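What follows is a single structure, written as structure tokens, with notes after it.
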Amino acid sequence: MNNAINSTISFIKEQYKTENFIPLHVPHFGGNEKKYLIDTIDSTFVSSVGAYVDQFEGMMQSITNTQKAVAVVNGTAAIQVALRLIGVKSGDEVLTQALTFVATANSISYLNATPVFLDVDLDTMGLSPNSVAFFLEEFGDLREDGCYNKKTGNRISACLPMHTFGFPVRLDELIEVCDKWKIPVVEDAAESLGSEYKGKPTGSFGKLGAFSFNGNKIVTCGGGGAIVTNDFKLGEKGKYLTTTAKIPHPYEYVHDEMGYNFRMPNLNAALACAQLEQLNNFLENKRKLAREYETFFLSNGVKFRTETPDTKANYWLMCVELENKNDRDLFLKATNENKVMTRPIWQLMYRLPMYSNCQRDEQINSEFLEERIVNIPSSVKI
């Protein structure tokens with residue numbers, strides 16, 4: 001194992017051509033970022049109204065092949081509002097995965113709903129259609145007004161899969177199961193901009209999709225998010241809710257329900273537009289790096305995670321699978337001590353105190369992956 005670790009450190013330093021600290025993922029600003037930012041400042045429209053907000057939403061519609069995109073302040077807000085749009089209410093339950101970033105579960109909780117944690121598939125690391133089907137066969141109670149949990153009596157109002165590190169879940173199988181039980185699907189596509197499932201963009205399969213443009217994402221605008229949907233009226237409702245639920249009027253302030261001040265500033269949108277113009281180049285660059293990693297790790301007896309059949313991953317964060325937790329910890333310690341940033345996959349959500357009492361299944365695959373998956377430097381190579 002030590003030889004493999006030492007070889008990995010040398011290989012990554014060679015890839016990024018430096019002996020200095022190598023972060024996990026850094027943004028690359030090689031396009032029109034400065035030009036668009038200066039243009040925004042000169043226009044004085046630096047807040048939530050401006051041409052770049054509209055341009056960003058149009059670009060997201062085109063990239064995801066959807067009818068309506070809504071720019072918001074971050075990915076967490078995008079998920080929260082998408083769940084509200086789909087009808088998640090206080091006291092409801094949402095089926096999701098425990099192997100995820102905490103924002104997935106938090107977005108559910110912000111609506112006073114409760115996550116139900118179901119297992120992932122080993123190959124996609126995302127919510128398993130089989131896990132959802134088994135859970136619903138045991139606990140689902142299908143009524144005229146939707147699906148209810150036999151154990152708790154609560155309504156199951158949504159299913160929220162997350163495309164882990166940009167690897168798409170089995171969307172058609174998952175949606176087929178959920179349709180049978182009258183449960184709408186919202187895609188947590190925060191990590192999967194540019195990924196495809198059976199030739200279609202992630203985010204376009206569920207009733208709504210949610211993306212993140214945080215500083216560490218494949219495309220960033222510092223902080224930002226987007227909701228996308230093929231239901232135009234639902235998208236319009238999303239725009240209205242995220243802009244304080246204000247009814248248009250020449251001069252009066254009229255708000256007829258509780259909305260959110262989740263608007264993306266024009267400054268951020270300008271940066272996002274410049275980044276989106278480079279998305280295809282970023283994807284090509286990262287896929288090339290993934291192929292180089294795969295060849296290297298194969299020769300060193302370490303499993304490198306690759307896309308599954310019928311998918312095209314954006315390889316946002318690339319990762320290796322170690323033999324066991326001990327090997328994982330040795331790998332993490334040695335790489336970080338040698339200025340190569342690596343990180344374990346997240347702690348499972350039910351290990352966190354605020355989600356420890358949530359209903360869950362056996363989590364066999366999630367716990368297996370939790371002990372073995374490590375992210376390695378994945379930045380676009382200059």
Please verify whether the stretch 259-270 includes one or more residues that are over 21 Å from residue 379 (Cα atoms), out of contact with any Phe, Trp or Tyr (no Cβ under 9 Å at 6 or more places or on another chain) and either of a type in the set (Val, Ile, Thr) or not in a loop (DSSP other than H, G, I, E, B) (or both).
yes
Going through the stretch 126-148 in order, the residues found to be closer than 12 Å to residue 183 by Cα and assigned to a strand (DSSP E or B) are 140, 141, 142, 143, 146, 147, 148
Residues of the stretch 1-46 being more than 20 Å from residue 290 (Cα to Cα), open to solvent by 50 Å² or more (accessible area, probe 1.4 Å) and of a type in the set (D, E, K, R), in sequence order, are 19, 34, 35, 39, 42
The residue from 373, 364, 345, 382 that alone is open to solvent by 70 Å² or more (accessible area, probe 1.4 Å) and under 30 Å from residue 109 (Cβ atoms) is 364
| said: Going by what's in this entry, would residue 204 be described as surrounded by fewer than 24 Cβ atoms within 10 Å (Cβ to Cβ), small (Gly, Ala, Ser) and in contact with a strand residue (DSSP E or B) (Cβ under 8 Å, 6 or more places away or on another chain)? | reply: yes
Matching residues in the stretch 215-256 (assigned to a loop (DSSP other than H, G, I, E, B), among the β-branched types (Val, Ile, Thr) and open to solvent by 30 Å² or more (accessible area, probe 1.4 Å)) number 3
Scanning the stretch 158-170 for residues that are among the hydrophobic types (A, V, I, L, M, F, W, C) and either surrounded by fewer than 24 Cβ atoms within 10 Å (Cβ to Cβ) or touching a Ser or Thr at 6+ places or on another chain (Cβ under 6 Å) (or both) gives 160, 162, 165, 167, 169
Restricting the stretch 301-328 to residues that are more than 16 Å from residue 346 (Cβ to Cβ) and in a helix (DSSP H, G or I), the one least open to solvent (accessible area, probe 1.4 Å) turns out to be 327
Check your understanding: Can we say residue 352 is in contact with a Pro (Cβ under 9 Å, 6 or more places away or on another chain) and surrounded by fewer than 20 Cβ atoms within 10 Å (Cβ to Cβ)?
Key -> no
Of the residues in the stretch 88-108 that are of a type in the set (Val, Ile, Thr) and assigned to a strand (DSSP E or B), the one that is farthest from the chain's Cα centre (by Cα) is 94
Filtering the stretch 257-275 down to residues that are hydrophobic (A, V, I, L, M, F, W, C), closer than 13 Å to residue 28 by Cβ and open to solvent by less than 20 Å² (accessible area, probe 1.4 Å) yields 274
Is it fair to say residue 211 is aromatic (Phe, Trp, Tyr), open to solvent by 10 Å² or more (accessible area, probe 1.4 Å) and either touching a His at 6+ places or on another chain (Cβ under 6 Å) or not in a helix (DSSP H, G or I) (or both)? no
message: Yes or no: the stretch 71-78 includes at least one residue that is at pLDDT 95 or above, touching a Phe, Trp or Tyr at 6+ places or on another chain (Cβ under 6 Å), open to solvent by 40 Å² or more (accessible area, probe 1.4 Å) and aliphatic (A, V, I, L, M).
response: yes
Of the candidates 111, 85, the one satisfying the condition of being in a helix (DSSP H, G or I) and more than 28 Å from residue 317 (Cα to Cα) is 85
Selection over the stretch 171-195 where residues are among the charged types (D, E, K, R) and crowded, with 23+ Cβ neighbours inside 10 Å yields a count of 3
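The values are calculated or read from the model by the stated rules, or taken from the named source; none is laboratory data. Being a predicted model, the structure only gives us computed values, none of them experimental. Cβ sites come from the backbone with ideal geometry, for glycine too, and all protein chains shown count toward neighbours. Heads up: the accessible areas ignore ligands, DNA and RNA and are worked out on the full protein's heavy atoms, side chains in. Shrake-Rupley method; radii C 1.70, N 1.55, O 1.52, S 1.80 Å.
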